[in-house]
Amino acid sequence: MITAFGRFIAMLAGDPLPDRSVPPTGYTARLTLFTSGAMAFLAMFALALSLATGRLADRWSAELARTSTLRISAPADQLDAQQAAAIKLLETTPGVASARALSTEEQQELLEPWFGPDIPIASLPIPRLIEIIEEGEGYDPTGLRARLQAEVPGAILDDHTRWREPLIDAASRLRLLAVTAILLIVAAMGAMITLAAQAALSANAQVIRVMRLVGARDLYIAGAFVRRFTIRAFAGAAAGSIVGMLAVLLLPSTEVAGGFLTGLGFQGAGWFAPLCIPVLAAVVAFFATRAAALRTLRTQS
Amino acid sequence: MIELDRVAYSYGGGELFSDVSLNLAPGSFQFLTGPSGAGKTTLLKLCYGELRATSGHVRLFGQNAREMGRDEVALARRKIGVVHQDCQFLDHLPVAENIALPLTVAGRAQEAGDYLEDLLRWVGLAHQAGQLPPELSGGERQRAALARAVIISPDVIIADEPTGNIDWEMSQRLLRLLIELNKMGKAVLIATHDMNLIRTAKTQVQSRVLRLNNRRLQAAGVDL
């Protein structure tokens, strides 16, 4: 692998003379540029999706993991007493930073999306909700449940596990999907560059014959094609990446669209990730063209 | 340097020639004649490893051609200067770059320098150095092919009808160059129909004339 990488670097920095041996124009040049550009553009979105879903999974995981809800269902005349007992118990529980009962207005806000703004919340037997914020390593849910059962019989602790796991699972699957898309894009680009390289080699059969007659070795001849295709793939992918980054930048903001798509994009060090796409395209082109060239030259001997 | 030992070559189900033995030893100067279609060009291709014999042995600089890999053949060709009948240029490269191509592919492009200019002057192409091969006349292409064949100072020079498209004066200059190179120890093999060229050469250099006819290679008399 080190040898192959060394050859890659030497080829990029190397002698451009072999390049001149192959006619500079041809539809394979445009095909390679277009393919690399289009694939890089698509890869940019897949990369953005991958990073966004990763962030989403982390955020959901962190937010839901740091909060819990205590629900108190009791006869109306016991609700206040049980709420006070629960808060007192929580305040003395290690790992609990704060515990706060949601106000009637806050509960109304929670129910509004489902029942509308005019819900008569005061006349409904709605359980009291206490928001728990954790600190440090968090509390021991088994111990807390045991204590609540003894001291606040109407309390049910929801540590959000049943919400968190499916959400994180969904985000992880989305990320897997995005990574799979990137791999497929890379494979498709490799296949298309291989076909373009083979077409170029076939179109230049006479050039190859002349070079062989004057003593050119296979690696020299292949180098003429490899270097050219690698540079084209890099240039095409760089252009496609720039357009892709602009497209990601121009995605609607949170205020306009809302929802999941607002998180699609790059943040912080994530903006460096797109720089890998042209390099990856060049590496793929190098190995795809090299393999295609050497295989074709073997069959043409 | 190049030896053919009881070589046969078949093509399309028929035998083109057989039992052909030929030795391109250092300092040898040989002409190959014969009717069109007798297989002269094919025989030359066996000598520089472009084709492989159906039977018999071809040795290129001591190596059995049948056992040589493509890269070994490529290295052997750097010791053989070939003037092809159809010249074989890279049409998108200027004449000067085409002539320097054997040095370029051998990684010795920097050696061309003044020598390339002298060579271009000698073959009368100093003013055509920047032109593309399709812009040259037949004779100019032939001279460029000769320049390309000798630029790498090969041990063996093989020419296929080198005077086919050039005038008498240029063919004499070409012959003088080949004789000079031969005196330096290079082996020369020329396939030609040009009897005047052979007769002139025989007055200037110890040479051998071989005739490929009826699938056999035989020594021909001076009267031809």
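The values are calculated or read from the model by the stated rules, or taken from the named source; none is laboratory data. Here the structure is a predicted model, which means the values were calculated and not measured. So basically every Cβ, Gly included, is an ideal-geometry build from the backbone, and we count neighbours across all protein chains shown. Side chains are part of the model used for accessible areas, which takes the heavy atoms of the whole protein and leaves out ligands, DNA and RNA. Shrake-Rupley method; radii C 1.70, N 1.55, O 1.52, S 1.80 Å.
How high is the FRET efficiency from A:Cys276 to A:Leu111, r the C-beta distance, R0 60 Å, rounded to 0.05?
Working: r = 47 Å, r/R0 = 0.78.
Efficiency at R0 = 60 Å is approximately 0.80.
If you plug each phi of region B:84-96 into the Karplus form 6.51 cos²θ - 1.76 cosθ + 1.60 with θ = phi - 60°, what whole-Hz ³J(HN,Hα) values come out, in order, with x for Gly and Pro?
Residue by residue, region B:84-96 yields 7, 4, 9, 6, 6, 10, 8, 5, 8, 9, x, 3, 4 Hz.
Let me know the whole percent of all Cα-Cα pairs from region B:10-84 that are separated by more than 18 Å.
Numbers: 1158 of 2775 pairs.
For region B:10-84, the share of Cα pairs beyond 18 Å comes to 42 percent.
Ignoring ligands, DNA and RNA, how do A:Ser61, B:Ser21 rank by accessible area with a 1.4 Å probe, largest first? Before the final figure, lay out the partial values.
On the way: A:Ser61 40, B:Ser21 60 Å².
These residues rank, largest area first, as B:Ser21, A:Ser61.
Any chance you could tell me what percent of the C-alpha pair distances in the protein assembly as shown go past 36 Å? Don't skip to the answer; put the middle values down first.
Working: 77520 of 137550 pairs.
Of all Cα-Cα pairs in the protein assembly as shown, 56 percent lie more than 36 Å apart.
Accessible area per residue of chain A at 1.4 Å probe, in Å²? Don't jump to the answer; show the numbers that get you there.
Details: 15980 Å² over 301 residues.
Per residue, chain A has an accessible area of 53 Å².
List nothing, just return the count: lysine pairs in the protein assembly as shown, 8 or more apart or interchain, with Cα separation under 19 Å.
Numbers: B:Lys45/B:Lys79; B:Lys45/B:Lys186; B:Lys79/B:Lys183; B:Lys79/B:Lys186; B:Lys183/B:Lys202; B:Lys186/B:Lys202.
So the count of such lysine pairs works out to 6.
Using a 1.4 angstrom probe on protein heavy atoms only, which residues from region B:58-97 are buried by at least 50 Å² of accessible area when all chains are present rather than their own chain alone?
B:Arg70, B:Asp71, B:Arg77, B:Gln88, B:Leu90, B:His92
At R0 = 22 Å, how high is the FRET efficiency between A:Thr161 and A:Glu131 if r is their beta carbon distance? Nearest 0.05 is fine. Please list the in-between numbers first.
Numbers: r = 16 Å, r/R0 = 0.74.
Efficiency, rounded to the nearest 0.05: 0.85.
Would you mind pulling out the separation of the Cα centroids of region A:149-209 and region A:77-98, in Å?
Taking the Cα centre of region A:77-98 as reference, the centre of region A:149-209 is 45 Å away.
With a cut-off of 8 Å between alpha carbons and a minimum separation of six or more residues, what is the relative contact order of region B:93-179 in percent?
In percent, rounded to a whole number, it is 33.
Rounded to the nearest 100 Å², what is the buried accessible area between B and A, both sides summed, probe 1.4 Å?
Details: alone 10630 and 16960 Å², together 25590 Å².
The summed interface area works out to 2000 Å².
So which GluC sites (Glu not before Pro) in region B:62-162 end up in coil per DSSP with only 10 or fewer other C-beta atoms within 10 Å?
Details: sites: B:Glu67, B:Glu72, B:Glu97, B:Glu111, B:Glu117, B:Glu135, B:Glu140; in loops: none.
Passing both the DSSP loop test and the Cβ count: no residue.
Taking amide H positions as placed in the peptide plane 1.01 Å from N, state which residues far from B:Ile157 in sequence (5 or more) or on other chains have amide H under 5 Å from it.
Under 5 Å from the amide H of B:Ile157 lie the amide H atoms of B:Gly81, B:Ala187, B:Val188, B:Leu189, each far enough along the sequence or on another chain.
Anything losing 50 Å² or more of accessible area from the isolated chain to the full protein assembly: pick those residues out of region A:214-250, probe 1.4 Å, ligands and DNA/RNA ignored.
Residues shielded by partner chains are A:Val214, A:Gly215, A:Arg217, A:Tyr220.
Over chain A, what relative contact order in percent results from Cα pairs under 8 Å that are six or more residues apart? Numbers along the way, then the final one.
On the way: 371 pairs, mean separation 104.8, N = 301.
Dividing the mean separation by the residue count of chain A yields 35 percent.
Go ahead and estimate [θ] at 222 nm for the protein assembly as shown from helices alone: -39,500 (n - 2.57) per DSSP H run with n ≥ 4, summed, over the residue count, rounded to 500. Provide the component values of the computation, followed by the final result.
Numbers: 18 runs with 283 residues, N = 525.
Taken over the protein assembly as shown, the calculation gives -18000 deg cm²/dmol.
Enter the accessible area per residue of region B:116-208 (Å², integer; probe 1.4 Å; all protein chains in place). All intermediate terms of the calculation are to be shown ahead of the outcome.
Values: 3900 Å² over 93 residues.
Heavy-atom SASA per residue in region B:116-208 reads 42 Å².
Would you mind checking the tilt of helix A:2-13 against the longest principal axis of the Cα atoms of chain A, expressed as 0 to 90 degrees and rounded to 10?
For A:2-13 against chain A, the angle is about 70 degrees.
Where the centre of each part is set by its Cα atoms, how far does region B:1-40 sit from region A:262-301, in angstrom?
So the two Cα centres are separated by 50 Å.
Under the definition of partner shielding as Cβ atoms of other protein chains within 10 Å of a residue Cβ, what is the mean value for peptide B:100-107?
Numbers: counts 2, 9, 5, 2, 10, 13, 5, 3.
That works out to 6 on average.
How many angstrom lie between the C-alpha centres of region B:138-210 and region A:235-249?
The two parts, judged by their Cα centres, are 59 Å apart.
Relative contact order (percent) for chain B, with alpha-carbon contacts under 8 angstrom and 6 or more residues of separation? List each step's numbers first, then the result.
Details: 402 pairs, mean separation 65.4, N = 224.
With pairs under 8 Å counted, the relative contact order is 29 percent.
Considering only protein heavy atoms and a 1.4 Å probe, what is the carbon-and-sulfur percentage of the accessible area of the protein assembly as shown? Kindly include the intermediate steps, with their values, before the conclusion.
Working: 14940 of 25590 Å².
Accessible surface attributable to carbon and sulfur in the protein assembly as shown totals 58 percent.
Calculate how steeply helix A:218-249 sits against the longest principal axis of the alpha-carbon atoms of chain A, using the helix alpha-carbon long axis, and give the answer as 0 to 90 degrees to the nearest 10.
That helix lies at roughly 30 degrees to the long axis.
Tell me the accessible surface of A:Trp163 in square angstrom (1.4 angstrom probe, heavy atoms of protein chains only), to the nearest ten.
Per-residue accessible area (A:Trp163): approximately 140 Å².
Angle between the Cα long axis of helix B:195-204 and the longest principal axis of chain B, 0 to 90 degrees, nearest 10?
Once rounded, the angle reads 80 degrees.
Using the heavy atoms of the protein chains and a 1.4 angstrom probe, tell me the accessible area per residue for region B:66-111 in square angstrom. Write down the numbers at each step before the final one.
On the way: 1770 Å² over 46 residues.
Dividing the accessible area of region B:66-111 by its residue count gives 39 Å².
Run the 1.4 Å probe and let me know the accessible area of B:Asp91, rounded to the nearest 10 Å².
We get 80 Å² for B:Asp91.
Subtracting the Cα-Cα distance from 0.36 nm times the residue separation, let me have the gained length for A:Asp58 to A:Leu294 in nm, one decimal.
On the way: separation 236, 0.36 × 236 = 84.96 nm, distance 4.61 nm.
Contour length minus Cα-Cα distance gives 80.4 nm.
Once you put a point 7 Å from the Cα of A:Ser172 and another 7 Å from the Cα of B:Asn214, both along the Cβ direction, what distance in nm separates them?
My value for the distance between the label points is 8.7 nm.
How much accessible surface area, in Å² rounded to 10, belongs to the heavy atoms of A:Tyr27 with a 1.4 Å probe?
130 Å²
What is the mean number of Cβ atoms from other protein chains located within 10 Å of the Cβ atom of each residue in peptide A:207-213, rounded to a whole number?
Average per residue, whole number: 6.
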